[in-house]
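Shown next, in structure tokens, is the structure this report addresses.
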Amino acid sequence: MENHRFLRQAWLFIAVAFLTGAPARAQEIQLERLGTYATGLFNQSAAEIVAHDPKSQRLFVTNVAKSRIDVLDIRDPRKPALLRSIEVAAFGKQANSVAVNRGLLAVAVEARLNTDPGKVAFFDADGRALASVTVGSLPDMLTFTPDGRTVLVANEGQPSDDYKVDPPGSVSIIRLPHNLARLQQSDVTTVDFSSFNGAKLGPGIRVFGPGASVAQDFEPEYIAVSPDSRTAWITLQENNAIAVLDIEKAVFTKIAGLGFKDHSRPGQGLDPSDQDGGIKIATWPVRGMYQPDSIAAFGIGGRTYLVTANEGDGRDYKGFSEERRVSTLTLDPTAFPNGDALKGKTQLGRLTVTSATGDTDGDGDFDQLYLFGARSFSIWTTNLGLVFDSGDDFEKRLAALLPAHFNSNNDSNTSFDTRSDNKGPEPEGVVTAQLFGRTYVFIGLERIGGVFVYDASDPAHPRFVTYVNDRIFTGVSARGTAGDLGPEGLLFIPASSSPIREPLLVTANEVSGTTTLYRIVSTR
């Protein structure tokens with residue numbers, strides 16, 4: 001298996017150099033796989049989000065399958081080992097997210113009935129429970145502010161499957177006392193979006209759940225915080241928007257729609273069909289909803305920027321589903337004069353789009369087609385102006401680097417092209433890093449797998465650097481011989497916090513249930 005990984009990475013390295021038009025020795029950084037911890041649990045969400053404590057050199061990994069946090073010893077990152085597990089059953093159903101600051105562990109725990117309020121439980125690095133507080137419904141991500149004084153929790157507030165119960169989405173602000181033993185429920189402020197009910201929202205913001213108010217419809221997904229710990233940006237994935245939170249005042253100051261990506265423009269193409277006989281990336285008369293999952297903030301030249309992984313997500317419940325194939329829709333004959341041809345399976349017919357957006361004149365047919373996600377990463381100003389989008393770069397590079405596995409899914413090695421009709425490679429996680437005098441962005445792909453790396457030192461013109469994928473396409477996924485599958489959470493560990501005093505990247509892989517560490521090496 002190790003030889004397979006070495007040969008595949010060597011081949012990818014040569015291919016990357018060919019694509020960039022540069023000799024292999026000019027590549028500025030490489031990701032070198034060091035070691036992997038495997039739970040042995042396939043397709044059970046046994047490794048999703050990962051956090052690091054530099055003092056103890058431990059990783060804390062959410063294991064949804066076992067309702068616990070797995071604690072890994074990485075003093076030797078080539079041999080990550082399970083030390084113990086922290087059970088969360090006393091606080092709820094499962095751990096959805098974990099964060100660490102100065103040895104203090106915060107865990108977002110979903111209630112047994114996910115429409116009920118969840119909890120945040122605090123532990124020390126040895127797994128001893130210290131305190132817990134109640135937060136909003138379905139706490140799905142949490143983070144410490146850079147100053148370590150506050151924990152922010154994105155409470156997604158998803159509806160019940162029959163859509164009869166739809167709790168409000170919210171963000172909980174937990175202000176930490178100096179002595180955590182004194183933490184009380186009064187230290188928690190949960191902010192929802194009720195102040196926007198009835199307000200006129202900006203363009204591109206989707207509110208479409210049946211009978212839902214704005215407060216019910218907004219579903220916070222992921223949080224980025226400014227370096228000064230004063231402002232947070234929260235992705236509202238299904239709504240195609242980002243909320244801006246004043247942390248001190250505990251108020252949302254802005255909700256910004258992200259607009260739509262025009263896939264009819266050069267450089268913005270996609271492969272929209274899983275039944276077109278191969279890789280066919282082209283421009284099409286559809287628009288992409290950015291719908292980012294992860295978001296990160298980074299600074300360059302005294303300015304803060306935001307970077308998003310534009311995964312996309314649709315609402316698909318028994319009580320309401322917006323997901324449709326283009327072939328099932330009635331297309332406006334003026335907007336789509338060649339509509340019958342477009343609905344063919346080798347064109348747009350197989351593409352999954354929303355039925356909740358696109359009938360602009362209310363006459364029952366579709367004047368525009370909107371697909372889930374943008375198959376890209378984007379860089380934004382803090383006012384949510386678009387600075388850069390990677391267009392169709394992911395799919396074009398994957399077509400060249402892994403042509404036999406283009407747009408595969410994440411649980412089968414015989415799934416060529418099966419994701420082309422629905423979100424493609426599906427960029428999921430994103431982290432940034434200051435390395436060797438440059439600023440880098442790392443983006444994980446949930447479906448085909450692997451991590452893309454770009455140099456974003458010039459935020460308006462990021463430059464592709466490398467791509468690494470430790471998936472073993474000759475292996476059998478269910479037997480644990482296919483390598484890493486479905487990277488969900490990414491973590492950067494700077495050299496100053498690393499057990500080997502070299503920078504590391506960690507991936508938590510949801511489908512394979514593995515956690516992998518890479519050394520980031522400068523080749524200059």
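Laid out as a table, the results:
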| quantity | calculated |
| --- | --- |
| Some residue of the stretch 275-292 being in contact with a Lys or Arg (Cβ under 7 Å, 6 or more places away or on another chain) and free of Cβ contacts under 8 Å to residues at least 40 places away in the same chain | yes |
| The stretch 376-435: number of residues that are polar (S, T, N, Q) and more than 30 Å from residue 227 (Cα to Cα) | 11 |
| Every pair of residues 6+ apart whose Cβ atoms lie under 9 Å, when the first sits in the stretch 167-183 and is over 14 Å from residue 153 (Cβ atoms) and without any contact (Cβ under 8 Å) to a residue 24 or more places away in the chain while the second is in a loop (DSSP other than H, G, I, E, B) and of a type in the set (A, V, I, L, M) | 177/183 |
| Counted residues, the stretch 37-51 - those being in a strand (DSSP E or B) and either touching a helix residue (DSSP H, G or I) at 6+ places or on another chain (Cβ under 7 Å) or surrounded by fewer than 20 Cβ atoms within 10 Å (Cβ to Cβ) (or both) | 1 |
| Selection within the stretch 341-370 - in a loop (DSSP other than H, G, I, E, B), in contact with a helix residue (DSSP H, G or I) (Cβ under 9 Å, 6 or more places away or on another chain) and of a type in the set (A, V, I, L, M) | 348, 351, 369 |
| Output for the stretch 303-340, where each listed residue is assigned to a loop (DSSP other than H, G, I, E, B) and either of a type in the set (D, E, K, R) or at pLDDT below 95 (or both) | 311, 313, 315, 318, 322, 332 |
| Qualifying residue in the stretch 60-75 (condition: without any contact (Cβ under 8 Å) to a residue 24 or more places away in the chain and over 22 Å from residue 479 (Cα atoms)) | yes |
| Output for the stretch 371-389, where each listed residue is assigned to a loop (DSSP other than H, G, I, E, B) and either more than 19 Å from the chain's Cα centre (by Cα) or within 18 Å of residue 299 (Cα to Cα) (or both) | 382, 383, 384, 385 |
| Options 466, 507, 439: the member that is polar (S, T, N, Q) and either part of a loop (DSSP other than H, G, I, E, B) or more than 25 Å from residue 387 (Cβ to Cβ) (or both) | 507 |
| Test set (1) hydroxyl-bearing (Ser, Thr, Tyr); (2) crowded, with 17+ Cβ neighbours inside 10 Å; (3) under 22 Å from residue 397 (Cβ atoms) - residue 477 fails condition number | (3) |
| Subset of the stretch 230-243 (residues that are touching a residue at least 24 places away in the same chain (Cβ under 8 Å) and either assigned to a strand (DSSP E or B) or over 22 Å from the mean Cα position of the chain (by Cα) (or both)) | 231, 232, 233, 234, 235, 236, 241, 242, 243 |
| Those residues of the stretch 118-133 which are in contact (Cβ under 8 Å) with a residue 40 or more places away in the chain and under 25 Å from the mean Cα position of the chain (by Cα), in sequence order | 120, 122 |
| Hey, residue 295 of a type in the set (A, V, I, L, M, F, W, C), at pLDDT 95 or above and under 23 Å from the mean Cα position of the chain (by Cα) or not | yes |
| Filter result for residue 227 (at pLDDT 95 or above, assigned to a loop (DSSP other than H, G, I, E, B) and within 24 Å of residue 113 (Cβ to Cβ)) | no |
| Of the criteria (1) in contact with a strand residue (DSSP E or B) (Cβ under 6 Å, 6 or more places away or on another chain); (2) among the β-branched types (Val, Ile, Thr); (3) surrounded by 13 or more Cβ atoms within 10 Å (Cβ to Cβ), which one residue 253 fails | (3) |
| Odd one out for residue 409 among (1) part of a loop (DSSP other than H, G, I, E, B); (2) more than 17 Å from the chain's Cα centre (by Cα); (3) closer than 21 Å to residue 514 by Cα | (2) |
| Yes/no for residue 436 being buried (at least 23 other Cβ atoms within 10 Å of the Cβ) and touching a residue at least 24 places away in the same chain (Cβ under 8 Å) | no |
| Search result, residues across the stretch 441-496 that are among the polar types (S, T, N, Q) and over 15 Å from residue 517 (Cα atoms) | 457, 466, 474, 477, 481, 496 |
| Evaluation of residue 82 against (1) touching a Lys or Arg at 6+ places or on another chain (Cβ under 9 Å); (2) surrounded by fewer than 18 Cβ atoms within 10 Å (Cβ to Cβ); (3) in a strand (DSSP E or B); (4) not small (Gly, Ala, Ser) (one fails), failing number | (1) |
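A quick yes/no check of all residues on (1) in contact (Cβ under 8 Å) with a residue 24 or more places away in the chain; (2) crowded, with 22+ Cβ neighbours inside 10 Å:
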position: 447; (1), (2): yes, yes
position: 467; (1), (2): yes, yes
position: 470; (1), (2): yes, yes
position: 473; (1), (2): yes, no
position: 483; (1), (2): yes, yes
position: 490; (1), (2): yes, yes
position: 501; (1), (2): no, no
position: 513; (1), (2): yes, yes
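The values are calculated or read from the model by the stated rules, or taken from the named source; none is laboratory data. Model, not experiment: these values are computed from the prediction. A quick note on method: Cβ atoms are made from the backbone with ideal geometry, for glycine too, and the neighbour counts reach across all protein chains shown.
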